[in-house]
1. With both partners inside the chain, how many of the DSSP beta bridges are antiparallel, as a percent to the nearest 5?
2. Take the Cβ-Cβ distance between ALA666 and GLU645 as r, set R0 to 51 Å, and report the resulting FRET efficiency rounded to the nearest 0.05.
3. What angle, in degrees between 0 and 90 and rounded to the nearest 10, separates the Cα long axis of helix 342-351 from the longest principal axis of the Cα atoms of the chain?
4. With +1 assigned to the C-beta of every Lys and Arg and -1 to the C-beta of every Asp and Glu, and no other charges, what is the dipole magnitude of the chain about the Cα centre in debye, to the nearest 20?
5. Go ahead and run the numbers for FRET between ARG316 and ALA105, Cβ-Cβ distance against an R0 of 25 Å, rounding to 0.05.
6. Distances longer than 16 Å among the Cα atoms of region 280-361: what percent of all pairs is that?
7. From zero up to wherever the largest Cα-Cα distance of region 327-414 sits, split into 10 Å bins and tell me the percent of pairs in each.
8. May I ask you to compute the full-extension gain from ARG533 to ASN289, defined as 0.36 nm times their residue separation minus their alpha-carbon distance, rounded to one decimal in nm?
Amino acid sequence: MKKLLLISLLLFTGFYRSSAQLNFGVAHSNFSGTQGMYLNPAAIADSRHRLAFELYSVSFLANNNQAKFDFNRLFKDARSSDSLKLGNYLRSLSGTNLNMILPYAEVRGPSLFYSIDRRNTIGLNTRVRLLNQFEDFNGDVFNAVLHGLTNSGNSFSVNNSTPYYWTSHLVTDLGLSYGVVLMDKGKDFVKAGITAKFYRGNAFLNMSGTSLDGTYYSDGDSLVVNDADFTMSSNLTDEKANQLRNFGTVSNFFDQFFGKSAGTGFGGDVGVIYEYRPDHESYYYDMDNETHIYDREVNKYKFKASLSVLDIGKVRYKDVQSIHVTGSGTITNVNEVHFNNYSELNDNFTSFGLTVDSVTGQTVDVKLPTTLVAGIDYKFINHVYGNLTYMQGVVTDMKVPGNYYYNQVTLTPRYESKRYDIGVPVSYNMMSEDVKVGFGARVAFFTIGSDDLLGYFGSNSKGFNVYFGIRANINFKKPKDSDGDKVSDKLDSCIFEKGVWAYKGCPIPDKDGDGILDPDDLCPDLAGLKSARGCPDRDLDSIADASDNCPDVYGMLKFNGCPDTDGDDVPDMNDSCPNIKGEPRYNGCPDTDGDGLSDNLDKCPDKAGPVANEGCPDTDNDGIADNLDRCPEKAGPRSNNGCPEISVEVKKRLAFAATAIQFDFAKATIKKGSFKLLDEIVAILNEYSDYNMTIFGHTDNIGTDSTNMKLSRDRANSVREYFISKGITTDRLTSDGFGESQPVATNKTSAGRAKNRRVDMDLKLK
């Protein structure tokens, strides 16, 4: 605390903004280990690592919007000189609104995470950061201080009414992380993460002012302050300063996290990641009798989008001391002014003529650099990716003590694999307003790189950055399967011979040599057919003879090898009608008329009838089944075969008609007077439609036998023809003649001969 350090800071009306150190060259890789956890805590979920461990990593960064860094000279002097002055390598500072970071330092580790299962991952991380910020910094003043005020050569004025701020913060993080898979729906995959942090504030220094007007005279090494208004606060007591001298030592390690602290706080990081996985099914495999195993070894996404908010929270300091300086005054022999504590600082400012108000025992909250990080990652081809990340400081109000990250967009093409990563980040920094090109690599246990390499190769860069670390990862690995039989080598008894899981990776045996492997062979000791699963099959119906109830006849499996010729689901051996499709309830026979009696037992298979009638109906309800009823539509007694009997009156009428029908003499022509009687006979025939009629003609003995025979036949036929003419069908009528051979009376008398000249008509059932 020499050479007017605090006073020079008062005059520095400029910006010194902290920069996120996220190691873009390697942090985006799917094999980044714990590096990705600092960028987005969701990155540890569904990781390629079963266990990731980082012993430590170190990074250092500087950046500004005006000054050029001459690293060529720095490297040259570093080899030849023991004394290096920053002013020799930082050039071209002038005017106000200088934005600068110098330095930013970060140490990570030890850190690790472990994948509990496919969905859940836990992690632990530790980190120490030195953060510095200035706003509205005067380049002339800073340039003079770098080179020594007395050696600046010229006087210069400071006239600044813009508010100016400075915060320097040394803070330690202890974080517990949890990553979880929220959604896995094939092509759409979402995971989230959170890191809960305990912040230990080791030291902070904050200055804020509203005005500063003055002139520095180099000849007299004096500073005339016309108007000043600023406040300084810090926890850096003499005791705390002594503690910081041992910061980072082994003996002080646990005290840094768990000992009495100047400041403490809680907060953390949150993040979510979406992955589009169009080929998700191709990343599953079968092994060791398990199917559809999730392959953790490979990257599955084509496109990934991420969003995270980092460093949420603040650190609360107690017993903070502050001074408020106002007014005007003159500082003489500037380079000879010394102070080691607040008391000396207060006394010095008072001796300069400035008004100083001092306050002790304050509580101050110092904000952490909360940052929004959004990114997309695209897989072009295997191992080759492109990443675009945008960083946005969430809070930028420097009136509140704290540190805030600058805004930056970074495009990083990279090549990644399990063994090594290479990335080339190209960034546009919105504080320095320039393009930065870096390079990052991971090889074996080491990471090294820079997000800003240009400064190392010339004198025109506005910044530089470097990081390196030591790590070790245990990756998920698909089991080795040399013979491709889906039995891992560690469990395979025949590593170089394709086999199956049931036989410990060895081929399946075939003892009977029938080409059917024993596990699939129902008759492993007897050669058989493939269709019968390795057993003999004489009828070739694909049913082993031992299980075939009809081994010599081609049959069906559901009938134990027996046939069903008519396809009625009743095997022939049980089918009473094996060639006619029927119903199982009728033993394979049909019931055409649906009367509940199968056709083979039904006397009337086409007409429904009761079982008592053997399936036949009784149409006329005379108690005689139609199949036995000569007159099924007319009731009649069983004695007459179910037909109505010929009444006595009808018989009498027929007997009368036999002799009453008249013919012309010696002719077969019926006289008209007999037509009425014949019509009565037609009515009888219609009434008794189930009867047929026989008509027989007879003569007396007058005339020759041949003449009488012909005449009797002709007369009987004349009657028949008359009936036909009246609508009686021919099949119901039969006629014949007997001549004089069958007399019913004596031919010796005229009365007897008259009786013998007759036409007999008789009704008989059909």
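A short reminder: the numbers here are calculations on the coordinates, not readings from a lab. Source: prediction; values computed, not measured. Heads up, the Cβs are rebuilt from the backbone with ideal geometry, glycines too, and the neighbour counts pull from every protein chain shown.
1. Numbers: 200 of 207 bridges.
Beta bridges within the chain, antiparallel portion: roughly 95 percent.
2. Efficiency, from the Cβ-Cβ distance: 0.85.
3. 50 degrees
4. About 1700 debye.
5. Result of the calculation: an efficiency of 0.60.
6. Beyond 16 Å sits 74 percent of the P(r) for region 280-361.
7. Histogramming region 327-414 at 10 Å steps yields 13, 22, 19, 19, 13, 10, 5, 0 percent.
8. Gain in length upon complete extension: 85.4 nm.
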